[in-house]
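Read through the structure below, which is laid out as structure tokens, and then see the notes.
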Amino acid sequence: MIVKTKYAKDYNLVHRYLCGDRDAGQELYASIYPLVQQFIWNHTNAKTLTESVKEEILSQTMMTSVEKLEYYNGTSSFSTYVCGIAKFKILEKIKSSIKESEKENNIINIEENTSIFDNPLNIIIDKELRETVAKAQQMLSRDHQQVIQLRLNGMTAKQIAEMVGMSEDAVNSMFYRAIKAFKKNFENIYYK
């Protein structure tokens, strides 16, 4: 059965693989593996993700692409389909690493700020500032929270733009609006 789609060759290889043709699967994945690997390495930052984490993303991407193979419909190339999965996996990993670093920073901050030799007034003021920063950040939209976190983790506007499929100017504009909204939230909470 030959189906007419924009990417008929990819679609037919997927269909044959789903029907049990292992050679079709090998041909399909041999052609896209280097492209997907390059996509992941080009869309991640050494400061944000280590080589072993990139390998993990590549492995998870390939496994997910096999698990979700029946959803491929031939409207894009198979490599584009799998790179879309990779993009999602990259974002997922960055979000989880941000959450982990926030947890570590909170533990470090608590340990640093609870010394018995500290001035109690400084401890109270510092605690109020941290709580206000957290509340001001929580009041931001999810996009604003993410762009601030990614920039604070060392990613450039260009890297973020490539990762999320926006222009660099749009990312810079979103970052500026996020900082402006954060300052307004902080002032509204702290100076009440």
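Filtered by the rule that a residue be polar (S, T, N, Q), over 22 Å from residue 19 (Cα atoms) and either free of Cβ contacts under 8 Å to residues at least 12 places away in the same chain or not in a helix (DSSP H, G or I) (or both), segment 39-79 gives 44, 45, 48, 50, 52, 59.
Looking only at segment 147-160, which residues are assigned to a helix (DSSP H, G or I) and buried (at least 17 other Cβ atoms within 10 Å of the Cβ)? Across segment 147-160, the qualifying residues are 147, 148, 149, 150, 151, 157, 159, 160.
Against the definition (out of contact with any Pro (no Cβ under 6 Å at 6 or more places or on another chain), surrounded by 12 or more Cβ atoms within 10 Å (Cβ to Cβ) and at pLDDT below 85), how does residue 33 come out, yes or no? Judged against the criteria, residue 33 is not a match. The set of residues in segment 90-99 that are touching a residue at least 40 places away in the same chain (Cβ under 8 Å) and either open to solvent by 30 Å² or more (accessible area, probe 1.4 Å) or of a type outside the set (A, V, I, L, M, F, W, C) (or both) comprises 91, 93, 95, 97. Count of segment 13-23 residues, restricted to those that are touching a residue at least 12 places away in the same chain (Cβ under 8 Å) and open to solvent by less than 90 Å² (accessible area, probe 1.4 Å), is 4. When 77, 59, 65, 52 are screened for being modelled with pLDDT of 80 or more, open to solvent by 70 Å² or more (accessible area, probe 1.4 Å) and more than 25 Å from residue 144 (Cα to Cα), only 52 passes.
The values are calculated or read from the model by the stated rules, or taken from the named source; none is laboratory data. Here the structure is a predicted model, which means the values were calculated and not measured. Neighbour counts are summed over all protein chains in view; Cβ atoms, including those assigned to glycine, are modelled from backbone coordinates with ideal geometry. These area figures cover heavy atoms from the full protein model, side chains too; ligands, DNA and RNA do not enter into them. Shrake-Rupley method; radii C 1.70, N 1.55, O 1.52, S 1.80 Å.
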